[in-house]
Amino acid sequence: MRNLLFVFSVVIIAAACSLNMAMQQDFAKSSEDYNRSLRWGEFEKASLYVPESGFDAFMKKVSRSKDVKVVDLRTLRINFDKEKGEAKVRVEIDYYRLPSMKVKTLIDTQKWMYVEEKGEKIWRLVTMLPDFK
């Protein structure tokens with residue numbers, strides 16, 4: 001009986017570790033895809049990571065950012081809280097706004113939530129596209 005309890009405990013721990021690993025891998029992919037979209041100026045593609053409730057507001061910011069060209073994007077810090085299903089990513093973005101060629105830099109703090117949609121857990125960006133001034 002003790003052996004059975006030990007085996008059951010190991011299986012439960014392994015399953016929990018596997019779920020946490022999958023959660024972190026899903027986050028890494030979502031965050032990288034979103035930031036790659038920003039890097040290449042594909043703001044509409046970036047909107048795929050926004051929940052439906054914030055989609056219209058995000059797209060308004062996209063329409064105001066049509067003349068923005070991102071030069072570089074660097075991830076400065078990631079704070080990942082698996083217990084809360086939250087993550088904060090701090091990125092530094094170098095960009096210019098046409099017709100100017102003057103490169104500006106901004107810091108964007110992205111807040112992500114691990115939410116359930118249509119029976120599936122996915123990462124969604126809670127914050128908006130940054131203000132490119």
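The numbers here are math on the coordinates, done by the rules we state, and not lab data. Please read all numbers here as calculations on a predicted model, not as lab measurements. Using ideal geometry, Cβ is built from the backbone for each residue, glycine included, and neighbour counts are taken over all protein chains shown.
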- Message: Give the separation of the Cα centroids, segment 55-92 to segment 20-51, in Å.
- Response: 9
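Which order, highest average first, do 79-88, 121-130 follow once you tally other Cβ atoms within 10 Å for each residue and take the mean per peptide? Please list the in-between numbers first.
Values: 79-88: 13.6, 121-130: 17.6.
Ranking the peptides 79-88, 121-130 by packing returns 121-130, 79-88.
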- Message: Below 11 angstrom from the Cβ of residue 77, what's the summed charge of the other residues (Lys, Arg +1; Asp, Glu -1)?
- Response: +2
- Query: Can you count the Lys pairs in segment 65-109 whose Cα atoms are under 19 Å apart, with each pair 8 or more apart or on different chains?
  - Reply: 4
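Excluding residue 105 itself, calculate the net charge of residues whose Cβ lies under 15 Å from the Cβ of residue 105, where each Lys or Arg counts +1 and each Asp or Glu counts -1. Numbers along the way, then the final one.
Working: positive: 39, 69, 74, 90, 97, 102, 104, 133; negative: 72, 92, 94, 108, 131.
Once all neighbours under 15 Å are counted, the net charge is +3.
What is the sum of charges, Lys and Arg at +1 and Asp and Glu at -1, for the other residues whose Cβ falls under 12 Å from the Cβ of residue 117? Don't skip to the answer; put the middle values down first.
Values: positive: 118, 121, 124; negative: 52, 116, 120.
Computed value for this residue: 0.
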- Query: Under the Karplus relation 6.51 cos²θ - 1.76 cosθ + 1.60, θ = phi - 60°, what is the ordered set of whole-Hz ³J(HN,Hα) values for segment 31-45, x standing for Gly and Pro?
  - Reply: 5, 5, 4, 4, 5, 5, 4, 4, 4, 9, x, 8, 5, 5, 5
